[in-house]
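Below: one structure, written as structure tokens.
Any read-out appearing in this document is the output of simple, stated calculations on the displayed coordinates, not a laboratory observation. No experiment lies behind these values; they were computed from the predicted model shown. Ideal geometry is used to build each Cβ from the backbone, glycine not excepted, and the neighbour counts take in all protein chains shown.
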Ligand code: OTU
């Protein structure tokens with residue numbers, strides 16, 4: 001066994017190992033030379049103390065080389081096109097959609113049949129929720145993976161998935177899948193072997209004989225799914241304790257062991273070779289643990305992501321990472337860079353959109369857009385209104401304090417408001433992971449139910465459209481939670497299902513609502529009205545180059561209910577004004593006097609005279625091309 005030494009010596013060792021196990025392709029070699037020094041540096045920081053550091057790194061490079069050799073030609077071509085154009089995903093035509101395979105279409109064959117609809121909608125990115133082999137019964141909607149190389153047989157096969165990915169590519173749609181790399185299910189082969197005492201695999205997880213270490217760690221860790229179990233550990237049948245941040249059947253991997261990194265790198269490269277173009281990096285904040293810390297977003301979490309990124313750049317160039325960090329906005333940002341995750345969910349904008357709708361006050365969202373929207377070059381936000389998860393109120397308390405808002409009290413208000421406990425609320429949400437000890441909670445529910453459609457609030461449909469008008473116009477990749485475009489309502493039948501009853505997120509994970517989709521072209525239904533208005537927005541956006549990229553400049557009006565920003569283009573600007581209030585808002589000509597008199601309304605397709613001021617109806621908005 002050899003520890004890591006110098007870049008040159010370790011490079012030579014890695015190459016000779018790769019060479020001994022198969023041909024090292026010239027194209028691979030070029031990228032290897034580019035990436036190896038970076039990978040080596042990261043590996044030294046992560047695993048410099050390990051006696052087997054050099055062998056582990058050599059094995060990883062061997063894996064990467066073999067993976068490149070196995071990479072289908074069309075993926076090589078498409079990948080290199082993307083790698084050469086690092087802003088390809090910044091286009092105003094990029095639009096994402098996300099759905100569950102089983103709930104939306106039954107199985108992979110059903111998803112294939114939906115491709116014409118995805119095209120009709122204008123999708124260029126499709127995130128299929130976890131579709132891997134998982135335990136029967138509770139499996140966290142697939143986030144407990146038993147094999148990364150097997151599709152859940154009830155949905156189809158891996159070969160079918162690769163074919164689907166190819167068909168999607170032909171339709172101009174990139175396949176996005178989760179890389180659930182913080183944990184596996186307790187039924188994964190590695191977990192079974194670890195439980196059985198196989199020495200190679202015991203070190204794949206964090207298993208302790210008694211409560212000593214768990215107690216010590218739990219001094220500083222946060223409870224993530226307190227309704228499932230308190231703390232970060234669960235007890236095994238044999239009395240030992242295993243780290244499980246999420247559900248008891250999701251065991252956290254031990255990345256302090258380089259063999260775990262190597263094994264997961266193998267799974268990642270395998271998925272990239274099936275045609276997955278974006279990997280959604282699940283739960284990134286939790287992947288590294290150190291005693292005496294919160295065990296969230298530690299520096300090593302970033303080093304690991306960067307090391308995975310370097311490997312992808314060698315073996316599957318052009319493949320992207322999307323970070324899923326639903327944490328403090330300062331922390332969210334630390335994951336976003338070309339060398340780490342090029343894409344990231346924007347949970348702050350999402351949460352504050354809902355905050356603004358509840359308070360009828362846009363100031364906190366305005367402040368976030370002005371202060372926290374910027375990103376490094378060649379990276380983008382994924383902006384969304386709803387996802388398959390709960391809404392957590394992840395704004396920065398220090399930002400709120402500047403506006404005289406107390407973070408703790410405000411979160412309480414928002415939770416009460418959205419779960420229908422606040423008098424006069426329009427929302428019909430359900431609490432998720434209420435923690436009586438800390439008073440913490442999150443909110444579940446579909447967009448339409450949270451926005452007031454279910455309650456029959458007159459502003460309900462307008463709010464659905466308004467929330468999307470924001471997500472579609474702030475930049476990056478807007479992501480539709482499929483079903484929202486036909487105002488899908490909550491589905492309460494999850495409470496009848498013993499496997500789902502205890503996870504209220506199922507309330508917004510109903511089956512594809514056939515009736516609403518059938519009504520989508522009928523004007524006098526909620527589904528039809530919302531669908532018509534949203535598809536109009538989508539096409540207006542696709543025709544306005546100003547919406548590409550991420551540049552955004554705030555635009556303040558005297559009305560705190562009005563959110564305002566400008567999206568600069570070449571010679572023109574799109575001015576977005578959105579009224580989150582229940583009253584009409586009049587924007588006087590003086591406020592608009594910095595622009596030329598004549599503007600163009602991109603949604604209605606008409607010219608507007610700014611000298612007459614603007615009247616924004618309750619929950620109304622405009623996208624104006626101005627000069
Ligand atoms: C993610 O979410 C997934 O999106 C969830 O669907 C999974 O249940 C979970 O991981 C486990 O795989 O807590 O409520 O702060 O960043 O990782 C959602 C935690 C979650 C989040 C996030 C997690």
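Projecting label points 7 angstrom from Cα along Cα→Cβ for residue 210 and residue 119 puts them 6.6 nm apart. FRET efficiency for the residue 19 to residue 570 pair, using the beta carbon distance and R₀ = 60 Å, is estimated at 0.75.
With N as its number of residues, the chain has a Cα radius of gyration that, divided by 2.2 N^0.38 Å, comes to 0.97. Separation of region 447-495 and region 520-592 by C-alpha centroid, Å? Between the Cα centre of region 447-495 and that of region 520-592, the gap is 16 Å. Here is how the number arises for the chain: DSSP H runs of 4 or more residues each give -39500 (n - 2.57), the sum is divided by the residue count, and the result at 222 nm is -11000 deg cm²/dmol. Arranged from fewest to most other beta-carbon atoms within 10 Å of their beta carbon, 102, 609 become 609, 102. For the chain, the relative contact order works out to 12 percent when only alpha carbon pairs closer than 8 Å and six or more residues apart are counted. If R0 equals 35 Å, the separation of the Cβ atoms of residue 586 and residue 409 corresponds to a calculated FRET efficiency of about 0.65. For region 551-626, the relative contact order comes to 32 percent (Cα pairs under 8 Å, sequence separation of at least 6). Rounded to the nearest 10 degrees, the angle from helix 7-21 to the longest Cα principal axis of the chain is 80 degrees.
In the chain, the longest principal axis of the Cα atoms and the axis of helix 299-315 are about 80 degrees apart. Computed from the Cβ-Cβ distance with R0 of 51 Å, the FRET efficiency linking residue 606 to residue 83 stands at 0.75. Counting only alpha carbon atoms, the long axis of helix 407-418 and the longest principal axis of the chain meet at about 70°.
Restricting the calculation to Cα atoms, region 71-142 shows an Rg/Rh of 1.05 when the hydrodynamic-style radius is the Kirkwood one. As a rough footprinting exposure proxy, the listed residues 508, 388, 422, 619 were ranked by other beta carbons within 10 Å of their own, and the order from fewest upward is 422, 388, 619, 508. You can think of it this way: the chain between residue 167 and residue 492 has 113.5 nm of extra reach, that is 0.36 nm per residue less the Cα-Cα gap. Here each label is just a point 7 Å from Cα along the line to Cβ, and for residue 7 and residue 236 those points are 4.1 nm apart.
Cβ-to-Cβ counts within 10 Å put 450, 95 in ascending order as 95, 450, the fewest first. Under the simplified labelling scheme, the residue 535-residue 76 pair shows an inter-label distance of 4.1 nm, with each label point 7 Å from Cα along Cα→Cβ.
Rounded, prolate or oblate: which fits region 392-486, taking a ≥ b ≥ c as square roots of the Cα gyration tensor eigenvalues, rounded meaning a/c under 1.5, else prolate when a/b beats b/c? Judged from the Cα gyration tensor, region 392-486 comes out oblate (a/c at least 1.5, b/c at or above a/b).
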